[in-house]
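See below for the structure under consideration.
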Amino acid sequence: MPAYNAEKFIEESIRSILNQTFSDFELIVVDDGSVDATMKIATSISDPRLRYFRLDKNSGTATAFNLGYSQGSGEYVANMDADDMAFPDRLARQCEFMNEHKHIAVLGSALEYIGNLKAFGPAPLHDAYIKAQLLPGRENVYNPTVMFRRSFLDARGLVCDPELKSAFDWGFFAEIMRRGGNFANLENRLVKYRVHPQQQSQHVDGMRLQLARVRCRIIDLYYPQFSPMEQALLEPLLQPTVPPAIPVRMLKAGLELLEKALTYNKQSPAGEDRERLNAIVSERGKLWRDALNQLDDPKSGPGAALQSP
């Protein structure tokens, strides 16, 4: 459980883990240089399963996760955010599934949104579909619900990349896929995910470089026929969250590449769902073409840029 200035919710989050029906675990709280009462609250809770570590300065959630992973000793590693709550049977259900499905490296679940949003967050259940959804970077696995198989991570030396900033979790999942990992989700809601203005996932502006790096790695796996330059043209058209404005000339070139992508149906070694992948590419292409057609003057000068639909 990484925590940064989490005084408002961390006690509730910690107790949701300590009160699990499954009891054979250790809860590792990594305080990422908080300057509020996070340390006081976390260290005031008396339970032999709770271990507290503190970073001297705020280093980012990826660094905090890596420290937590390195200090753990369990067969499985479960993520938990310091502002969320776990349902009482979360660990029991996930451990049971992982014990029965030895080929799964990453197991998530559906979740329940609380706070500023009240909703149910479904999750795709099957590996191939989840992997296809890694291309747009959404509706695949929810990081706060995830349980990893430690032996898979350790055998490949896999850690989170702090340079990816808030995209570190997506980048981590992409790298696990690239290294042969299989995914699954449980249909049960196992985490109450709190939506509020301060949470990290609400601040993705200014992350174009990091998002592009991750998506280009996935494009390289799914569409090996494209050169690095072609990947760079294709990538922004496939970003559904805070996409950039794209110069019209680059957009037209990217749309041609989207059409070529639809003709490539050879499944990669990862085993992704190519039908779902084609649906994603087709949907993004249609949105961009419609936006292009709505321009008053599609033949405007070379500096013209089109804001994403």
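The peptide list 70-78, 136-144, 88-96, put in order of mean Cβ contacts within 10 Å with the highest first, becomes 136-144, 88-96, 70-78. Taking a quarter of the surface of the Cα convex hull of the chain gives a mean projected area of 16.7 nm².
Any idea what angle helix 61-71 forms with the longest principal axis of the chain, computed on alpha-carbon atoms, 0 to 90 degrees, nearest 10? Taking the Cα atoms of the chain, the angle to 61-71 is about 50 degrees.
Across the accessible surface of the chain, with the other protein chains kept in place and a 1.4 Å probe, carbon and sulfur atoms take up 51 percent.
Of Met39, Met177, the order by accessible heavy-atom surface (1.4 Å probe, DNA, RNA and ligands excluded), from most exposed downward, is Met39, Met177.
Give, as a single signed number, the net charge of other residues whose beta carbon lies under 9 Å from the beta carbon of Gln71, with Lys and Arg counted +1 and Asp and Glu -1. So the surrounding residues net to 0. Relative contact order of the range 98-165, please, whole-number percent, based on alpha carbon pairs below 8 angstrom and at least 6 residues apart. Once normalised by length, the contact order is 33 percent. Rolling a 1.4 angstrom probe over the protein heavy atoms with all chains in place gives the chain an accessible area of 47 Å² per residue. Which links in Lys165/Lys192; Lys57/Lys131; Lys102/Lys131; Lys57/Lys118; Lys8/Lys118; Lys8/Lys165 stretch past 28 Å when you go from one Cα to the other? Violating the 28 Å limit, Cα to Cα: Lys57/Lys131; Lys57/Lys118. Relative contact order, whole percent, for the chain stands at 17, derived from Cα pairs under 8 Å and 6 or more residues apart.
The values are calculated or read from the model by the stated rules, or taken from the named source; none is laboratory data. Model, not experiment: these values are computed from the prediction. A quick note on method: Cβ atoms are made from the backbone with ideal geometry, for glycine too, and the neighbour counts reach across all protein chains shown. Areas reflect the complete protein model, heavy atoms only, side chains present, ligands, DNA and RNA absent. Shrake-Rupley method; radii C 1.70, N 1.55, O 1.52, S 1.80 Å.
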